[in-house]
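Asks: My questions will all concern the structure given below.
The values are calculated or read from the model by the stated rules, or taken from the named source; none is laboratory data. Worth saying up front: this structure is predicted, and the values here are computed from it rather than measured. For neighbour counting, all protein chains shown are included, and Cβ atoms are generated from backbone atoms with ideal geometry for every residue, glycine included.
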């Protein structure tokens, strides 16, 4: 194990930040959703790294649950996006200003 | 006969290559104009993450990562992109909130710097968890033992979550009933049943 856990954790932090930036700068709701997946994957990488570093399987169990929740989240989120797009014909989050004061 | 490359060198090379793939894919997701390209770049990132999982002896999770994420979730994304015909480029000229993008970049960089600064010396406290030791057994065995004993309640709840997600997706995605009236297009699809 030459690559120390700090490198993996740094990579996870960078990936999470990139996902957060992407979520903020993009307007296409599908791409924003993909950025959420990036952030989830960064957290998964962190969990697996800690599982190895601490010699504890709990991190991998947490990743398992994150995968299940991510799958369910994508299904429901894409269903919501489909039903929004069917009525509005637009791809940007800026057009969803129904509740704007 | 001595190996050509030491195992540590191979580890470092694999890590650098996978990290480059992950970061390039993430940049592609963020900066691609076309959502289809973003989805394909997301596949690249997910494969890189899977390589890093294998590198850390999480073989089962690497397989699940490829099957569930690259095989199911991204395909679902591509289906929705194709189905809705939204594979158009994004209009970037119109900016309703002035200065939002530079602010987002600045905040992201500041957040990253804070994470790295705060966690630089002490990534872990060294405290042991309750889930069970990692040991030297194959990771599938250890994971299954922990999942079906200590975390069995959570495991059962995920099945409930998946059923709810399936029902929710069906309810959201079904078209409103056309036979009920002319103004069905304005009705809320959630309450259309």
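Asks: In the range A:19-34, what count of residues is obtained for those that are within 7 Å of chain B (Cβ to nearest Cβ), in contact (Cβ under 8 Å) with a residue 24 or more places away in the chain and surrounded by 20 or more Cβ atoms within 10 Å (Cβ to Cβ)?
Replies: Qualifying residue count, the range A:19-34: 2.
Asks: Let me ask another. Look at residue B:17 and say whether it is part of a helix (DSSP H, G or I) and over 15 Å from the mean Cα position of the chain (by Cα).
Replies: Here the answer is yes, as residue B:17 does meet what is asked.
Asks: Listed residues B:76, B:23; which is modelled with pLDDT of 85 or more, part of a helix (DSSP H, G or I), within 21 Å of residue A:17 (Cα to Cα) and within 8 Å of another protein chain (Cβ to nearest Cβ)? Spell out the reasoning first.
Replies: Numbers: B:76 fails: within 21 Å of residue A:17 (Cα to Cα).
Answer to the selection: B:23.
Asks: Which members of the range B:38-65 meet the condition of being within 24 Å of residue B:80 (Cβ to Cβ), more than 7 Å from chain A (Cβ to nearest Cβ) and either at pLDDT 95 or above or touching a helix residue (DSSP H, G or I) at 6+ places or on another chain (Cβ under 7 Å) (or both)?
Replies: Passing the criteria: B:41, B:43, B:44, B:47, B:48, B:50, B:65.
Asks: Follow-up question, since we're still on this one. Hey, residue A:54 hits all of (1) more than 13 Å from the chain's Cα centre (by Cα); (2) modelled with pLDDT of 85 or more; (3) closer than 30 Å to residue B:57 by Cα but one; which does it fall short on?
Replies: The number of the failed condition is (2).
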